[in-house]
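Just so it is clear, none of the values below were taken in a lab; they were calculated from the coordinates. Note that this is a predicted model, so its numbers are computed, not measured. Here Cβ is always computed from backbone atoms with ideal geometry, including for glycine, and neighbour counts include all displayed protein chains.
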């Protein structure tokens with residue numbers, strides 16, 4: 001039986017190879033339309049040109065329920081303040097029928113947050129699944 005670390009290494013390797021969907025927990029899309037996470041990510045990439053999109057929270061950990069929200073950490077170049085970034089993401093998905101929360105940082109803010117840590121950044125680092133990485 002594979003250890004948790006081995007499974008995690010394989011998931012990370014698949015994500016780095018551009019196959020993050022193969023590394024999602026089995027119930028990551030429970031209660032959602034099949035392929036929704038991919039569709040959401042593709043829309044963000046197309047409309048916002050992010051540096052990175054990371055799924056975190058219950059859907060990344062594998063303990064999501066049908067009513068669990070989608071938590072996304074998005075890193076992108078922008079001059080907008082944090083409130084306007086959240087509003088812009090909300091507008092991008094204003095037709096949605098599912099709960100979704102966005103945390104949008106610039107690359108500089110993300111780097112500073114990683115140095116300083118904190119609850120959200122810790123969660124993203126520990127349980128996050130990279131859905132898109134421009135690098």
Can you put 46, 85, 59 in order, fewest other beta carbons within 10 Å first?
46, 85, 59
Reduced Cα scattering model of the range 78-135, Debye log10 I(q)/I(0), q = 0.12, 0.14, 0.20, 0.23 Å⁻¹:
-0.35, -0.48, -0.96, -1.17
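In nm, what is the difference between 0.36 nm times the number of residues separating residue 84 and residue 126 and their Cα-Cα distance? The partial results should precede the final answer.
Numbers: separation 42, 0.36 × 42 = 15.12 nm, distance 2.72 nm.
Roughly 12.4 nm would be gained on extension.
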